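Scroll down for the structure; my scribbles are underneath it.
The values are calculated or read from the model by the stated rules, or taken from the named source; none is laboratory data. All of these numbers come straight from a predicted model, not from anything done at the bench. We place every Cβ from the backbone using ideal geometry, glycine too, and count neighbours over all the protein chains shown.
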Amino acid sequence: MAEMTRRERILTASRRQMADRVPFFHNWRHCQQGTVERDCRNRGMGLSWERPSYTFTWHGVEVTETYETYTTAVQTLRRTFKTPVGTISLVEKRGAGTGQWHHMRSWQDVTPWQTERAIKGPEDYKVLKYMYDNLEVEPDYFPLEQAKDWIGDDGMVWDWLPHAGLQLLMIDWVGSEGGRFFVHHARYPDLVDETFQSISRAYEPLWEIAAGSPADFFLLADNIDAVLVNPKLFKRYFMPEWEKCCTALHAGGKLVGVHMDGRLKALTGLIAETSIDVVEALHVPQMGDLSLGEALAAWPDKVIWTGFPGSVYALGPEATKQQALAMLRDMGTGERVCFEMSTENLVSNENLAMLTSVLEHATLPLTPEKIDAIERSLR
Amino acid sequence: MTQEEHLQALRDAITAMDLDGIAAVAQAAMDAGVDAQKAITEGMVPGMVEVGEKFEEGEYFLSELVVAGEVMKDGMKVIEPYLTAGKGEAEAKARAIMATVEGDYHDIGKNIVVTLLGVQGFDVIDMGMDVPASRIVEEVRAQRPLVVGLSALLSTTMARMGDVIEALKQAGLRDSVKVIVGGTPVTPAFADSIGADHCAVNAIEGVHVCREWLKQAKEGK
């Protein structure tokens, strides 16, 4: 088989076809730049980059931001949303480096945390509902076109789709600290459902906009973990939204993945019922609760983009090597799997080089003999 | 209704997660003269234990655990004014301090442990999220707990657990407490490397270990 480009490799595997070797790539927002990164890319590591195909405009909403604390080490920022039906505000804490590095990550690769939530009590839901009832979604394909042009065949640019309604509430607006979302869902079910419906309606144009996007692959940011999203919630609030997305995007031959880096065992059967193509950022035990072999067997029509566990990186290159070899041995012939070097953490040069050393010779189909040879070459 | 029927109704309200009904059930028990301490220890607490067991078995999820805890809080609001001073202090409880370490704003696992330890008879002091090592040391000095539980979700923040253990050593308090660490990226090898007493594989296993420590403490081991 002729050597594939990094982009071809990822797309081929994601379409459940046999690539020339196991695709492995690093996510732009966690990726260092420099000697080791360049060396790893020369040895087959691809890049992935996420950008949106849309813009959001809240009509009738006055958004203001005020710094309550400002040093270059930490900033505390209050964001206020004033609408004709009321005002809500949240407080966000940003670590050093936020805005100077990729995305909104601090130097330590931590996203800003909300230390005060916008939805504090039942009276706040009407404001949020108003905001989503007055949300306009418009296409903006420039960020994707630009990134595709820049990255060329060195990797993949995907269209980044926001949290679906329930995750928006659970993660972004209400929060799950202290079980807050579950308490609201139990005490104010109508308010939660009405707001969810408003978000769902507001996002209807998003799927059509995405269908016209230049991206080949679309990632729903849903961040699924069954500890938070139990099967009842998953069935009621996630599956219908994903179906709308998949219906629109599959019509144009596009691929849909969902970010699911948590514990998924309790959702195994339900995930199998969905139409998504890729389970993105699967984490094997101990960070997750499904091995690669179990995931491949449970979802025979899906592709796994596996994340590499940060807990292993913390133990250094030798542990990284052993973990990577164990994962290769759990992949069968290796079809339907891509390796993401990291979906959550910065990776040291030593670990990145070691993971590349294991994966660069992982030609497909994998066999136990090939993996043994890789192991011997690294002694 | 008999006293036993009132206690059963309280248990049922917890296991059914009856947020709307608990206040009336608790008030009815108090009006019928059910002892307030009994209403808690033989009514609501067994209900929470049952919910905890279903959580352990995978039948219930975090949402059920949280909502059942919320039902219990509502019941306590009704029952607490009926508690007679001194009666609730029949047995001194072992204390546990729980915290998510500095820089980390995740508390789901920690909160599960807090709930389950409370059900298992610990007096739990939940210090919340983003807690600096110095505050944990102050709290240990003031509260003299049996257990300090440290939680982190991020591999970037789990190193702060080691800072807490080091600060406890510096303060001469390390040997007075058991330190248990947990969270998605935390491994036994990491826990060993920072000198923790135990790495919780998950919340349930961690609570079992704390119960074992409590048992050993009671036996003077």
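Tabulated data for the structure shown
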| read-out | value |
| --- | --- |
| The range A:141-159, subset surrounded by fewer than 20 Cβ atoms within 10 Å (Cβ to Cβ) and aromatic (Phe, Trp, Tyr), residue farthest from A:ASN223 (Cα to Cα) | A:TRP150 |
| Residue list for the range B:1-47, filter: over 27 Å from B:PHE61 (Cβ atoms) and under 21 Å from the mean Cα position of the chain (by Cα) | B:GLN37, B:LYS38, B:ALA39 |
| Close pairs from the range B:63-86: first closer than 14 Å to B:LEU116 by Cα and at pLDDT 90 or above, partner of a type in the set (Asp, Glu) and surrounded by fewer than 24 Cβ atoms within 10 Å (Cβ to Cβ), Cβ under 7 Å, at least 6 apart | none |
| Among the residues listed as B:ASP192, B:ASP197, the single one being exposed (fewer than 15 other Cβ atoms within 10 Å of the Cβ), in the same structural domain as B:VAL101 (by TED's automatic domain parsing), without any contact (Cβ under 8 Å) to a residue 24 or more places away in the chain and at negative phi | B:ASP192 |
| One residue from B:GLY103, B:GLY58 being more than 23 Å from A:VAL183 (Cβ to Cβ) and not in a helix (DSSP H, G or I) | B:GLY103 |
| Given (1) touching a residue at least 24 places away in the same chain (Cβ under 8 Å); (2) out of contact with any Pro (no Cβ under 8 Å at 6 or more places or on another chain), index of the condition B:PRO185 fails | (2) |
| Residue within the range B:155-172 that is in contact with a Ser or Thr (Cβ under 7 Å, 6 or more places away or on another chain) and in contact (Cβ under 8 Å) with a residue 40 or more places away in the chain present | no |
| Residue in the range A:299-312 that is more than 27 Å from A:HIS103 (Cα to Cα) and of a type in the set (Gly, Ala, Ser) present | no |
| Qualifying residues in the range A:217-261 (those that are aromatic (Phe, Trp, Tyr) and in contact (Cβ under 8 Å) with a residue 40 or more places away in the chain) - the one surrounded by the fewest Cβ atoms within 10 Å (Cβ to Cβ) | A:TRP242 |
| Tally, over the range A:196-248, of residues that are more than 12 Å from A:LEU166 (Cβ to Cβ), among the aliphatic types (A, V, I, L, M), within 14 Å of chain B (Cβ to nearest Cβ) and in contact with an Asp or Glu (Cβ under 9 Å, 6 or more places away or on another chain) | 1 |
| The range A:309-324: number of residues that are facing chain B (nearest Cβ under 8 Å), part of a loop (DSSP other than H, G, I, E, B) and either surrounded by fewer than 24 Cβ atoms within 10 Å (Cβ to Cβ) or among the small types (Gly, Ala, Ser) (or both) | 2 |
| Only one of A:ASN351, A:ASN345 that is in a helix (DSSP H, G or I) and crowded, with 20+ Cβ neighbours inside 10 Å | A:ASN351 |
| Residues of the range B:123-172 classified as under 16 Å from B:ILE112 (Cα atoms) and among the β-branched types (Val, Ile, Thr), total | 4 |
| Qualifying positions in the range A:354-379 - of a type in the set (Gly, Ala, Ser) and in a loop (DSSP other than H, G, I, E, B) | A:ALA362 |
| Condition met for B:ILE14 (under 15 Å from B:VAL119 (Cβ atoms) and within 14 Å of chain A (Cβ to nearest Cβ)) | yes |
| Residue in the range A:289-308 that is surrounded by the fewest Cβ atoms within 10 Å (Cβ to Cβ), counting only those that are part of a helix (DSSP H, G or I) and in contact (Cβ under 8 Å) with a residue 40 or more places away in the chain | A:LEU292 |
| Residues (within 14 Å of another protein chain (Cβ to nearest Cβ) and farther than 19 Å from A:THR111 by Cα) located in the range B:102-127 | B:GLY109, B:LYS110, B:ASN111, B:ILE112, B:VAL113, B:VAL114, B:THR115, B:LEU116, B:GLY118, B:VAL124, B:ASP126, B:MET127 |
| Residue list for the range A:28-48, filter: at pLDDT 95 or above and within 30 Å of A:TYR203 (Cα to Cα) | A:LEU47, A:SER48 |
| Residue within the range B:136-144 that is without any contact (Cβ under 8 Å) to a residue 24 or more places away in the chain, surrounded by fewer than 22 Cβ atoms within 10 Å (Cβ to Cβ) and over 24 Å from B:ALA13 (Cβ atoms) present | yes |
| Of the criteria (1) part of a helix (DSSP H, G or I); (2) surrounded by fewer than 23 Cβ atoms within 10 Å (Cβ to Cβ); (3) under 20 Å from the mean Cα position of the chain (by Cα); (4) within 14 Å of another protein chain (Cβ to nearest Cβ), which one B:GLU80 fails | (4) |
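For (1) under 25 Å from B:ASN111 (Cα atoms); (2) among the small types (Gly, Ala, Ser), each residue gets a yes or a no:
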position: B:GLN27; (1), (2): no, no
position: B:VAL34; (1), (2): no, no
position: B:ALA39; (1), (2): yes, yes
position: B:GLY43; (1), (2): yes, yes
position: B:VAL49; (1), (2): yes, no
position: B:LYS54; (1), (2): yes, no
position: B:LEU62; (1), (2): yes, no
